[in-house]
Amino acid sequence: MSKVADQITYETDDPNRIQDVGWTFREIWRRTRGFVVTSVNLIIFFILWEIVTTYGNINSLFLPKASAMFQELWVGMTTRAPEGAVFSGSILDHFLHSFKNLMTGLGIACAIGIPGGLLMGGNKYVESILSPYVWALASLPRIALVPLFILFLGFTTTMQVTIIVLSAVFPIIINAWAGVKTTEKSLLAAAKVFGANRTQLYYKVVLPYTLPFIISGIQQGIGRGLIGVVIAELFGGSNGLGYLIQRSADTFNTAMTFAVLLLLIVMSLSLINFTRWLEAKVAPWRNVNHL
Amino acid sequence: MPASNENIIVAEDLTISYDLHRERKKLIALQNISLDIKKGEFVVLVGPSGCGKTSFINAISGLIPKSGGSVKVRGEEVTAPGPDRAMVFQDYALLPWRTVESNIRLPYELQNLGLSEEEKQDRVKKSLELVDLTGFEKSFPYELSGGMKQRVGIARALATNPDILLADEPFAAIDAMTREAMQAEMERIVMETGQTCVFITHSIDEAILLGDRVVVISYRPGKIKEIVDVDFPRPRMNNSEVKTSKKYAVLRDHIWNLVKDEAMQTTRGE
Ligand SMILES: Nc1ncnc2c1ncn2[C@@H]1O[C@H](COP(=O)(O)OP(=O)(O)OP(=O)(O)O)[C@@H](O)[C@H]1O
Ligand SMILES: [Mg+2]
């Protein structure tokens, strides 16, 4: 078989086309830039905070010193409540409670939301039956349901998890649904032309196409779920970070309140960055430029 | 292999329309197309943008429903795609999550062509050589240029070794030099394998160089305006006599005028 290359004389395969970039200073900087800038930024922020609260005339009840907040966070994360204690002052205990609930809730939300969304995208009968309910519940502020679920389930972990599931499930459903619906027609056409049956169309085209959508759904679900966690715990229960915020504020331990808020931010950002990483990993072609 | 007398694709009074849901109307893209294509024949479709060329080969492939008339392949009404018909898509249609190689192997995964693993590997390798993409097996489509993607689409279709090749502007995004080389390859493959080819292009030179017949389609609704026979001996590529002959100039002029009349209608609008 004669190659096209034999007939073309201009160079197409210069071995120098792909060059080793190596570890130049620029390359190292390019990779670590984000981390370095953020760290310096945060350090300056907390130092300014410390200075303002030390030398400014600020009531520590409203704004504690940054160092006091870190102190509280450190102590809270390194101690556990003694066996059999009625109330734990340990942040770690409450964090583990909330984190476990969040993960359980997200797990259940995925288990319902992913198949649900895929079915809605794939079958127009399921879609037309379910979509009014999905839109109705998705547009209802979930916080409005909390009193109702307290009535149904009491101040229990089940109630808290239910609220988290309800908060997280709709973005997952809607994203999976949209993914299936927007699968590129030409990709489906190509698969059909080359012999795909219905099942293969789903496994080889629709699912891989929808995967990044599902991951963004989960990403939004994490944000909503975290709101659900805090709301459920603020309203009812004697456990979790939401409860701890309430309790520390009631007892005028503002440093603790700030410590818990900081922990919530860190947890949320870590989870969201994890899903971003996952998204970039499974769908590099989407080449999402994050804001 | 010259075209035999046996018809392989027969379109009779084929009409294709699209529903315009927003306006409760339908748009007739192609109207009463009747065309017989012989086995081993190379038929080129030309016509202004939007005249229904893609719709026509989509109907042959079985991707879109007919609104009237019939298309038969080997005497059987086309209702769905089949392994005897491969297609090169105008918009490439490569799966973005698959590497070049894996995209070319897609047809093997979807249907059993009765090939051994060695045969598959061999075909993938040869079709990649053919489109000059050896070394890019592990690249993803988003890492390739437009013309390279288009060549992957060509390789994917050729690797199935189809009886009928439906090619929708397969060289549109490829530079002039590579294009010429690929035209020569296309002609050689079709001559060697006896494949039947329905080929769309906007280039009149390409149409004359490749086609046994050039079908000029009119603008909206698409009808066959004229079928021009091209009987230069093959191989025509790399044969400088063809392009410099008087007959070539006359043909080119003729087809050019046919298409121009139609294209003028496009710009005048409706
Ligand atoms: N899915 C669709 N829905 C509605 N109208 C369509 C659809 N596909 C094509 N059309 C219409 O049908 C007509 C013919 O389209 P087609 O794609 O067959 O043209 P074409 O000759 O291939 O054009 P080009 O040279 O630009 O590729 C166009 O006017 C287009 O607007
Ligand atoms: Mg087209």
Within the range B:102-139, how many residues are farther than 20 Å from B:Pro162 by Cβ and either more than 10 Å from every other protein chain (Cβ to nearest Cβ) or under 21 Å from the mean Cα position of the chain (by Cα) (or both)?
7
Enumeration of residues in the range B:105-151 that are in a loop (DSSP other than H, G, I, E, B) and either among the acidic types (Asp, Glu) or under 30 Å from B:Ala176 (Cβ atoms) (or both)
B:Val131, B:Asp132, B:Leu133, B:Thr134, B:Gly135, B:Phe136, B:Glu137, B:Lys138, B:Ser139, B:Phe140, B:Leu144, B:Ser145
Restricting to the range A:234-291, what's the tally of residues that are assigned to a helix (DSSP H, G or I), of a type in the set (A, V, I, L, M, F, W, C) and either free of Cβ contacts under 8 Å to residues at least 12 places away in the same chain or in contact with a Lys or Arg (Cβ under 9 Å, 6 or more places away or on another chain) (or both)?
10
Go through the residues of the range B:189-197 one by one and say whether even a single one is under 22 Å from B:Asp132 (Cα atoms) and in a strand (DSSP E or B).
yes
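Tell me, please, whether a residue that is in contact with a Gly (Cβ under 6 Å, 6 or more places away or on another chain) and within 16 Å of ligand 1 (Cβ to nearest atom) can be found in the range B:37-44.
There is at least one residue in the range B:37-44 that is in contact with a Gly (Cβ under 6 Å, 6 or more places away or on another chain) and within 16 Å of ligand 1 (Cβ to nearest atom).
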State whether one or more residues within the range A:195-208 are touching a Phe, Trp or Tyr at 6+ places or on another chain (Cβ under 7 Å) and more than 21 Å from A:Pro147 (Cβ to Cβ).
yes
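With the structure loaded, tell me whether A:Gly228 is modelled with pLDDT under 90, closer than 20 Å to A:Leu106 by Cβ and either exposed (fewer than 15 other Cβ atoms within 10 Å of the Cβ) or not charged (D, E, K, R) (or both) or whether it fails that test. Reasoning before the result, please.
Numbers: modelled with pLDDT under 90: yes; closer than 20 Å to A:Leu106 by Cβ: yes; either exposed (fewer than 15 other Cβ atoms within 10 Å of the Cβ) or not charged (D, E, K, R) (or both): yes.
Yes: the conditions hold for A:Gly228.
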Take the residues of the range B:169-212 that are among the charged types (D, E, K, R) and within 16 Å of ligand 1 (Cβ to nearest atom): which is surrounded by the fewest Cβ atoms within 10 Å (Cβ to Cβ)?
B:Glu169
Residues in the range B:92-99: is at least one within 30 Å of A:Arg286 (Cβ to Cβ), within 16 Å of ligand 2 (Cβ to nearest atom) and within 14 Å of chain A (Cβ to nearest Cβ)?
yes
Consider A:Thr251 against the criteria (1) under 30 Å from B:Ala157 (Cβ atoms); (2) open to solvent by 40 Å² or more (accessible area, probe 1.4 Å); (3) among the hydroxyl-bearing types (Ser, Thr, Tyr): it satisfies all of them except one. Which criterion is unmet?
(1)
Conditions (1) open to solvent by less than 40 Å² (accessible area, probe 1.4 Å); (2) among the hydroxyl-bearing types (Ser, Thr, Tyr); (3) within 14 Å of chain A (Cβ to nearest Cβ): number failed by B:Tyr142
(1)
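Please verify whether A:Ser186 is modelled with pLDDT under 90 and surrounded by fewer than 24 Cβ atoms within 10 Å (Cβ to Cβ), treating the condition exactly as stated.
It is false that A:Ser186 is modelled with pLDDT under 90 and surrounded by fewer than 24 Cβ atoms within 10 Å (Cβ to Cβ).
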Got a sec? Which of B:Ile33, B:Ile57 is within 16 Å of ligand 2 (Cβ to nearest atom), open to solvent by less than 30 Å² (accessible area, probe 1.4 Å) and modelled with pLDDT under 90?
B:Ile33
Under 30 Å from B:Thr193 (Cα atoms), charged (D, E, K, R) and at pLDDT 50 or above - does that describe any residue in the range A:13-35?
yes
Is one or more of the residues making up the range B:161-181 within 9 Å of another protein chain (Cβ to nearest Cβ) and under 17 Å from A:Ala190 (Cα atoms)?
yes
Restricted to the range B:83-135 and to residues being at positive phi and open to solvent by 20 Å² or more (accessible area, probe 1.4 Å), the residue modelled with the lowest pLDDT is B:Gly114
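The values are calculated or read from the model by the stated rules, or taken from the named source; none is laboratory data. Since this is a predicted model, take the numbers as computed values, not measurements. A quick note on method: Cβ atoms are made from the backbone with ideal geometry, for glycine too, and the neighbour counts reach across all protein chains shown. Surface accessibility is based on the protein's heavy atoms, side chains included, excluding ligands, DNA and RNA. Shrake-Rupley method; radii C 1.70, N 1.55, O 1.52, S 1.80 Å.
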